[in-house]
Amino acid sequence: MTLPDIIIAIDGRSSTGKSSFAKLIASEFSFLYLDSGALYRAVTLFAMERGLIAVGKIDESSLNAELEAGLDVHFEYVDGASRTFIGDRCVEEEIRTLEVSSWVSPIAAIPFVRAFVDGKLHEFGSRGKVVMDGRDIGTAVFPDAQLKIFLTAAPEIRAQRRFDELKAKGQDPKMEDVVKNLEERDYIDSHRETNPLRRAEDAFVLDNSRMTIKEEVEWVRGVIQGKFGILE
Ligand code: DC
């Protein structure tokens, strides 16, 4: 199935399987995959390492100055997989720790951080043939995206997925910390003032609680066939 030069926007809460789904769509249709959450995570890691988050507070004016000076955050393909870089350093592993997860939502709620990330997404995504995942892609970043999907999954399934993901990366999380982090991020992500998480009115909703990734791809092929009239 060959798709036109469209943008596919995938939004949803944390650990609803957005990135696995988006990566599969990208490989299925030869699209570029852009993980917007990874950019927020990279800004968070940068702020932590620079000491801009101390005693539970974010030094917003210093962070703003660093972003205005042109922080180099980007993606590179390494062995066929998209990886997040700060300058020439691959930070893909470091940005996935629970410590970064515990600060990323407050960082992502800051309007100048959102403007910085949106700028990057527009720069990377303007060519089309892109699948992007996040919280506000279909509502704010690319409101004209030709295909929007909103993923949902049951809370216990999301927590188990995040727990398994951290374990697989060699970390040793406690389930109660994972649940707490998901609840806190859900709250902050959907209550912040600037572009909170919500479903775009024209988004297709997919609850993937009991679906395999293969079934999800079948589902998206059906949606594409119906929407764009492409048969094969
Ligand atoms: O998808 P993720 O869990 O890696 O995203 C990390 C955080 O980044 C998430 O808690 C909220 C924020 N985020 C956002 O505010 N807007 C996006 N488009 C993507 C992520």
- Message: If I filter the stretch 101-118 for residues that are among the β-branched types (Val, Ile, Thr), touching a residue at least 60 places away in the same chain (Cβ under 8 Å) and in contact with a Ser or Thr (Cβ under 6 Å, 6 or more places away or on another chain), do I get at least one hit?
- Response: yes
- Message: Exactly one of these conditions fails for Ala168: (1) among the hydrophobic types (A, V, I, L, M, F, W, C); (2) surrounded by fewer than 16 Cβ atoms within 10 Å (Cβ to Cβ); (3) modelled with pLDDT under 95; (4) under 19 Å from Leu45 (Cα atoms). Give me its number.
- Response: (4)
- Pairs where the first residue, in the stretch 192-218, is closer than 30 Å to Ile110 by Cβ and the second is open to solvent by 80 Å² or more (accessible area, probe 1.4 Å) and assigned to a loop (DSSP other than H, G, I, E, B), C-beta under 8 Å, 6+ apart: Leu197/Arg13; Val205/Arg199
- Note on the structure: Within the stretch 132-152, restricting to residues that are away from the ligand (no atom under 13 Å from the Cβ) and closer than 15 Å to Gly17 by Cβ, the one that is most open to solvent (accessible area, probe 1.4 Å) is Thr152
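Taking the stretch 176-200, which residues are in a helix (DSSP H, G or I) and open to solvent by 70 Å² or more (accessible area, probe 1.4 Å)?
Within the stretch 176-200, the first condition is being in a helix (DSSP H, G or I), and the residues that meet it are 176-191.
Correct list: Glu176, Lys180, Glu183, Glu184, Tyr187, His191.
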- By residue number, the members of the stretch 22-34 that are part of a helix (DSSP H, G or I) and within 13 Å of the ligand (Cβ to nearest atom) are Ala22, Lys23
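Would you please name the residue that is nearest to the chain's Cα centre (by Cα), looking only at residues in the stretch 35-55 that are near the ligand (Cβ under 9 Å from one of its atoms) and among the charged types (D, E, K, R)?
Restricting to residues being near the ligand (Cβ under 9 Å from one of its atoms) and among the charged types (D, E, K, R), the top hit is Asp35.
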- Task: For Glu93, indicate whether it is more than 10 Å from the ligand (Cβ to nearest atom), in contact (Cβ under 8 Å) with a residue 40 or more places away in the chain and among the charged types (D, E, K, R).
- Result: yes
- Just to be sure, is Ala159 part of a helix (DSSP H, G or I), among the small types (Gly, Ala, Ser) and open to solvent by less than 70 Å² (accessible area, probe 1.4 Å)? yes
- Within the group Ser15, Ser19, which residue is in contact (Cβ under 8 Å) with a residue 60 or more places away in the chain, in a loop (DSSP other than H, G, I, E, B) and within 11 Å of the ligand (Cβ to nearest atom)? Ser15
- Message: Any residue that is out of contact with any His (no Cβ under 8 Å at 6 or more places or on another chain), open to solvent by 40 Å² or more (accessible area, probe 1.4 Å) and either closer than 23 Å to Ser14 by Cα or among the charged types (D, E, K, R) (or both) - is there at least one of those in the stretch 62-70?
- Response: yes
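The values are calculated or read from the model by the stated rules, or taken from the named source; none is laboratory data. Computed from a predicted model, the values in this text were never measured in an experiment. Virtual Cβ from ideal backbone geometry, glycine too; neighbours counted across all protein chains shown. Ligands, DNA and RNA are excluded from the accessible area calculation, which covers all protein heavy atoms including side chains. Shrake-Rupley method; radii C 1.70, N 1.55, O 1.52, S 1.80 Å.
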